[in-house]
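Working notes for the structure below.
The values are calculated or read from the model by the stated rules, or taken from the named source; none is laboratory data. Only a predicted model underlies this, so the values are computations on that prediction, with no experimental measurement involved. Heads up, the Cβs are rebuilt from the backbone with ideal geometry, glycines too, and the neighbour counts pull from every protein chain shown. Heads up: the accessible areas ignore ligands, DNA and RNA and are worked out on the full protein's heavy atoms, side chains in. Shrake-Rupley method; radii C 1.70, N 1.55, O 1.52, S 1.80 Å.
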Amino acid sequence: MQGSRHVTDYEPVTRTRRERAPSADEAWSIARRPPKDRHNQKNHPAARSKAAKDQSPDSTLSVSPAASAVTRRHWLLKRGHALSYAGLFLFSAILYFRPYELISGLSFLSTSAYWVALLTLIVFVPSQLGVEGNLTTLPREVTLIALLCLIALITMPLAISPADAWKMFNETYVRVVLMFIVMVNVVRTEWRLKGMILLMLAATCLLSAAALNDYRAGNLPIEGYRVRGLIGGMFGNPNDLALHLVTMIPLAVALFIGSRNIIKKVLYAVCAIMFVGANVVTFSRGGFLGLMCVAGVMVWKLGRSKRLTAIILSLIVGGAFVALAPGDYGIRLLSIFDSSLDPNGSSTARNAVLGRAIYNALANPLFGVGMDNYHIVSIREIVNHNAYLQMGTELGIPALIIYIMFMLAPLSRLRRIERETFDLRRGSRFYYLAVGLQAAIIGYMVSSFFLSVAYQWYVYYLVGFAVCLRRLYKASDEYAAAWAVGETPAAGIGVRAESSGRGDFAVHKA
């Protein structure tokens, strides 16, 4: 009805069949096409003059941003899923802050994450089906996580303890999968993606401040020299907390470098410093190795044009890190190579568990022993402390391969964004975040080699952010610019563009 208001939770993000990306020849044709009016284009003097100019072999046509960025009309990212995003944001806040642990009076919220997730799905599913006719967009990452979920279901009846497998699947993993799918569909604007990242940074600031304060006050309940996380769940164990900090440090650094606001720069810098300090006081060896890999990735990529300067700065920062670290931190790190330096013998025990895990993975290569069942066949009920072997021993070698592919898939696409926006990095909204997400995923891949976290939320949020960033980038002016100059595979050959200095592009036909 004309003039009526229609409220919906959804607007499509994917291209309709009519809105496919044009070929190179179509893009050239669109860019050359004169504006439509109600007069005869062929007989109009301006049109004849324009046509004559276009006949010149060296002609250059300067067009407006809307005309030159031809793919914008085909990759338009629309707003929508406002209610679903609100549910996702609230769920993530409960997951990362766990308010019922911080404030005893909020204990009634202990099951709130489940109900928020359920309500989010109730809102998300019908709106997605009603407009697009499917449950989700299907990037490679969604397909891979769906395969992992299917393998978990298939192997459940074959598990040593189906009850343990069902408990892990029902209480954790199925929620991880479903909320990952919600995320890649509803985080469709830049402020939504940044809002999710800032939420995680805020939670990490709280955890870091508490860890540093506990170390200052001598509150070291783990082995007499290590802090415990302020809240439980994913952060109760110092090694788990260190893993989370490793993944958040590069995001804080990326936002620090990419921000143009001095106040925001200071805040992001403080966050990054706090995260590094908190990582140290966990005394996690896996956290240290992950931190070193994150630092190496960031220095290598961000120092691409000034390698010498980047190396010098990294040496200065490394020297400050060693000077400010606690005195017994170095001994803890040396125990990586010399187990006799570990007073609790944890490295020796982990080596024994590692050997048992490899044996069980080879003995049960197709279906594993069952999700969350490894403790049954382990030494003294000890978990394998390795996310890769956790997946391989419990769900089988095929699941391990899919899990690795799931983490590697976004890296190649993030590298593509990094490459295409490198020349515009000073003003790019995507370059630094693409680098930061690459470093965060690589940091997780390294640190998770020492932890049983394959079914936990850490990497699934990071990969979800990577998918969302890629979709946002493809709907942006920067993608249109890269498309026009032939930097993207969709650009084809024979079409390029040059900046006119006014935000327009001069489109050329080769």
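What the table shows:
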| read-out | value |
| --- | --- |
| Residue order for Cys468, Cys205 - accessible surface, 1.4 angstrom probe, largest first | Cys205, Cys468 |
| Among Gly277, Val322, Ser305 the positive-end extreme of the charge dipole of the range 235-342 (Cβ point charges) | Ser305 |
| Residue-level accessible surface for Trp166, protein heavy atoms, 1.4 Å, Å² | 120 |
| Relative contact order (percent, whole number), the range 181-230, Cα cutoff 8 Å, 6+ residue spacing | 25 |
| Net charge of Cβ neighbours under 15 Å - reference Ala165; Lys, Arg +1; Asp, Glu -1 | -3 |
| Sequence of Ile154, Ile197 from largest to smallest accessible area, 1.4 Å probe | Ile154, Ile197 |
| Mean Cβ count within 10 Å, highest first, over the residues of peptides 432-441, 374-383, 393-402 | 432-441, 393-402, 374-383 |
| Counted charge near Lys301, where neighbours are those whose Cβ lies closer than 10 Å (Asp, Glu -1; Lys, Arg +1) | +1 |
| Estimated inter-spin distance, Leu354 and Leu341, nm [label 7 Å along Cα→Cβ] | 1.6 |
| Three-way shape label, the range 201-262, alpha-carbon gyration tensor, a/c 1.5 | prolate |
| Protein accessible area in the range 355-410, 1.4 Å probe - carbon and sulfur % | 72 |
| Summed side-chain charge close to Leu95 - residues other than Leu95 whose Cβ falls under 15 Å, Lys, Arg +1, Asp, Glu -1 | -1 |
| For the range 308-314, 3J(HN,Hα) per residue [Karplus equation, 6.51 cos²θ - 1.76 cosθ + 1.60, θ = phi - 60°, Hz, x = Gly/Pro] | 4, 4, 5, 5, 4, 5, 5 |
